[in-house]
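Student: Before I ask anything, let me first share the structure, which is written out below as structure tokens.
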Amino acid sequence: MNNIEKQLIGKLDARNAHVAVIGLGYVGLPLAVAFAHAGYRVTGIDLDARKVDAIEQGESYIEDIPSTILQALRPVPVGEAVVAGVGTPVADSRMQPRGVLTATTDFRVLTDCDAVFICVPTPLGKTDEPDISYIVSAAEEISRYLHPGMVVVLESTTFPGTTTEVILPLLQADHDELSVGEDFFLAFSPERIDPGRTDWTVETMPKVLGGVTPACLAAAQAYYGPAVGPIVPVSSPEAAEMTKLFENTFRAVNIGLANEMLLMCDRLGLDAWEVLDAAGTKPFGFMKFTPGPGLGGHCIPIDPHYLSWKLRTLEYNARFIALASEINTEMPRYWVQKVQDLLNDAAKPVNGSRILVLGVAYKKNVGDMRESPALDIIHLLREKGANVEYHDPYVPSFSYEGTAMASVYDLDAALSQADCVVITTDHDSYDWAYIGKRAQLIIDTRHILTNRR
Ligand SMILES: NC(=O)c1ccc[n+]([C@@H]2O[C@H](COP(=O)([O-])OP(=O)(O)OC[C@H]3O[C@@H](n4cnc5c(N)ncnc54)[C@H](O)[C@@H]3O)[C@@H](O)[C@H]2O)c1
């Protein structure tokens, strides 16, 4: 163990370390809170001044983090019961040191940070190619403040090779004097958070971790240890990067299979959910995925494309990903055809019909609309001339492709006035039995009404 490693372990033992989290969104804020709960002094860094201000005011903007948690992590003025700051002293040595969480838009704080965790977005570009510009920008900022002993961990989902082939050269660009694995430490650890889920959180979920060198793995592991679920070490950052992409590709492909099962049962005149429920009784060798309106969220519709893009550079065609993507992307169109058919049976055209879309969030009980298939359904219905309204208790208003919409105020009136109601998100707060009675015609993409009977 060299001196740098000894100092690091000493700081960690006393929780006398300053941790930075770059990107305070769905992933970064819960991680920052987990580190603060473990007793570290944590500074969140985000380009969005509104998020930084909200954290400083103790006001949460992420459903999974109640504001009371942020308020409890605010620094306490010197002179009060506990003193805020590094490895905050506590009166009783058996008590865990009190962590604090503050936030800033100013990267200069990294000068004083011992470890930094990158949780910035990794979207797709216009032609479905990875857009790692946010990661690159964060790494460039870190590089300006890289110093001996610093631990850098990338958490953003990305293609295998990003940590070693992109981040490492950026960090080292102006630091010939610093060697990775000796003077500073670099690792990748994918985030597995599922917003809205309470049984598995960042503090309990097993954490896959791969270091550029064994010392990098050990250093990152030392920081994560007190804060997150059990560490699952793997041999390299590439293995950790690939693990995350495989997990999400597994889901995309199986959702694609469930969706195709629905399409096939439709042709065969069978009830796909009856078949699925029956298959789901098999105690082994079967895992139940359900059909729905299409893929949504920031991970499942996007991450597999990171993998297929990387493979294309190696002249390999990731066929399962392409097929699942094709089927899942077509689902909104399938459901719009079902609306058309149902209205047709009632001798009504889509054009001019009043259609109420219930739920625009990509999944239940959250307000996250990223990649939500409900948006495609609304768009396609409007293209056919429908008069579309929506209701979502979690999304008061939104703007999509130049159209601004607001959730209907009077749900009861909207239900009875709609020619057709399309259920796209199965929020628990809805009274499904009542909705079932109140609506004239219903297309239920989530199979929630039948489930409730
Ligand atoms: N949302 C999820 O459920 C989830 C789950 C697992 C993994 N991930 C992955 O985690 C990463 C982050 O996702 P998210 O959902 O938290 O995104 P998000 O959009 O909710 O948050 C990202 C934050 O990063 C900030 N940001 C962007 N560029 C920055 C920069 N250069 N410096 C500082 N801040 C910057 C943004 O302002 C934003 O607040 C992505 O790679 C995503 O694929 C997300």
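Student: Can you find a residue that is within 25 Å of K338 (Cα to Cα) and among the aliphatic types (A, V, I, L, M) anywhere in region 246-253?
Tutor: Yes, because at least one residue in region 246-253 is within 25 Å of K338 (Cα to Cα) and among the aliphatic types (A, V, I, L, M).
Student: Within region 133-160, can you find the residues that are among the charged types (D, E, K, R) and near the ligand (Cβ under 9 Å from one of its atoms)? Don't jump to the end; show me each part of the working.
Tutor: Within region 133-160, the first condition is being among the charged types (D, E, K, R), and the residues that meet it are 140-141, 144, 155.
Correct list: E140, E141, E155.
Student: Here's something else I'd like to know. In region 306-326, what residues are in a helix (DSSP H, G or I) and among the hydroxyl-bearing types (S, T, Y)?
Tutor: Residues satisfying the conditions are Y306, S308, T313, S325.
Student: Go through (1) crowded, with 18+ Cβ neighbours inside 10 Å; (2) under 13 Å from F159 (Cβ atoms); (3) not hydroxyl-bearing (S, T, Y) and name the single condition I327 misses.
Tutor: Tallying (1) crowded, with 18+ Cβ neighbours inside 10 Å; (2) under 13 Å from F159 (Cβ atoms); (3) not hydroxyl-bearing (S, T, Y), I327 fails exactly one: (2).
Student: Can you tell me which residue within region 226-260, out of those that are free of Cβ contacts under 8 Å to residues at least 40 places away in the same chain and under 25 Å from P148 (Cβ atoms), is most open to solvent (accessible area, probe 1.4 Å)?
Tutor: P233
Student: Right, next: Quick check on region 39-58. Is at least one of its residues in contact with a helix residue (DSSP H, G or I) (Cβ under 6 Å, 6 or more places away or on another chain), open to solvent by 10 Å² or more (accessible area, probe 1.4 Å), within 11 Å of the ligand (Cβ to nearest atom) and outside any helix (DSSP H, G or I)?
Tutor: So far as region 39-58 goes, yes, one or more of its residues are in contact with a helix residue (DSSP H, G or I) (Cβ under 6 Å, 6 or more places away or on another chain), open to solvent by 10 Å² or more (accessible area, probe 1.4 Å), within 11 Å of the ligand (Cβ to nearest atom) and outside any helix (DSSP H, G or I).
Student: Let me ask something else. Give the residue that is nearest to the ligand (Cβ to nearest atom), with candidates limited to residues of region 5-37 that are surrounded by fewer than 22 Cβ atoms within 10 Å (Cβ to Cβ) and at pLDDT 90 or above.
Tutor: G25
Student: Pick out the one residue from P190, P206 that is under 23 Å from G297 (Cα atoms), touching a Pro at 6+ places or on another chain (Cβ under 7 Å) and either at pLDDT 95 or above or surrounded by fewer than 16 Cβ atoms within 10 Å (Cβ to Cβ) (or both). Talk me through it step by step, then tell me what you get.
Tutor: On the way: P190 fails: touching a Pro at 6+ places or on another chain (Cβ under 7 Å).
After applying the criteria, what remains is P206.
Student: Sticking with this one: Sort out which residues of region 429-451 are open to solvent by less than 60 Å² (accessible area, probe 1.4 Å) and part of a helix (DSSP H, G or I), and write them in order of number.
Tutor: Within region 429-451, W432, I435, G436, I448, L449 qualify.
Student: Within region 286-294, identify whether any single residue is touching a Phe, Trp or Tyr at 6+ places or on another chain (Cβ under 7 Å) and either within 16 Å of the ligand (Cβ to nearest atom) or on the phi < 0 side of the Ramachandran plot (or both), and answer yes or no. Let's see the steps before the verdict.
Tutor: Residues of region 286-294 touching a Phe, Trp or Tyr at 6+ places or on another chain (Cβ under 7 Å): 293.
Right, trim to either within 16 Å of the ligand (Cβ to nearest atom) or on the phi < 0 side of the Ramachandran plot (or both) and you get 293.
Scanning region 286-294 turns up at least one residue that is touching a Phe, Trp or Tyr at 6+ places or on another chain (Cβ under 7 Å) and either within 16 Å of the ligand (Cβ to nearest atom) or on the phi < 0 side of the Ramachandran plot (or both).
Student: Right, something else. Got a sec? Which of A278, A324 is free of Cβ contacts under 8 Å to residues at least 12 places away in the same chain and either within 16 Å of the ligand (Cβ to nearest atom) or among the small types (G, A, S) (or both)?
Tutor: Among A278, A324, only A278 is free of Cβ contacts under 8 Å to residues at least 12 places away in the same chain and either within 16 Å of the ligand (Cβ to nearest atom) or among the small types (G, A, S) (or both).
Student: Filter region 407-434 for residues that are hydroxyl-bearing (S, T, Y) and under 23 Å from G292 (Cβ atoms) and give the result.
Tutor: Listed by number, the residues that qualify are S407, T424, T425, S429, Y430, Y434.
Student: Please go through region 94-122 and give me each residue that is in a loop (DSSP other than H, G, I, E, B) and at pLDDT 95 or above, ordered by number.
Tutor: T105, D106, C113, D114, C119, V120, P121, T122
Student: Can you name every residue in region 161-180 that is open to solvent by 20 Å² or more (accessible area, probe 1.4 Å) and within 16 Å of the ligand (Cβ to nearest atom)?
Tutor: Result: V166, L170.
Student: Now for a separate question. Looking only at region 173-201, count every residue that is more than 25 Å from the chain's Cα centre (by Cα) and in contact (Cβ under 8 Å) with a residue 24 or more places away in the chain and tell me the total. Break it down into steps so the answer makes sense when it comes.
Tutor: Of region 173-201, the ones more than 25 Å from the chain's Cα centre (by Cα) are 173-185.
Keeping just the survivors that are in contact (Cβ under 8 Å) with a residue 24 or more places away in the chain gives 173-175, 178, 180-185.
Going through region 173-201 one residue at a time, the tally reaches 10.
The values are calculated or read from the model by the stated rules, or taken from the named source; none is laboratory data. Quick caveat, the model's predicted, so the values are computed rather than measured. Heads up, the Cβs are rebuilt from the backbone with ideal geometry, glycines too, and the neighbour counts pull from every protein chain shown. The protein model used for the area step is the full one, side chains on, heavy atoms only, and it has no ligands, DNA or RNA in it. Shrake-Rupley method; radii C 1.70, N 1.55, O 1.52, S 1.80 Å.
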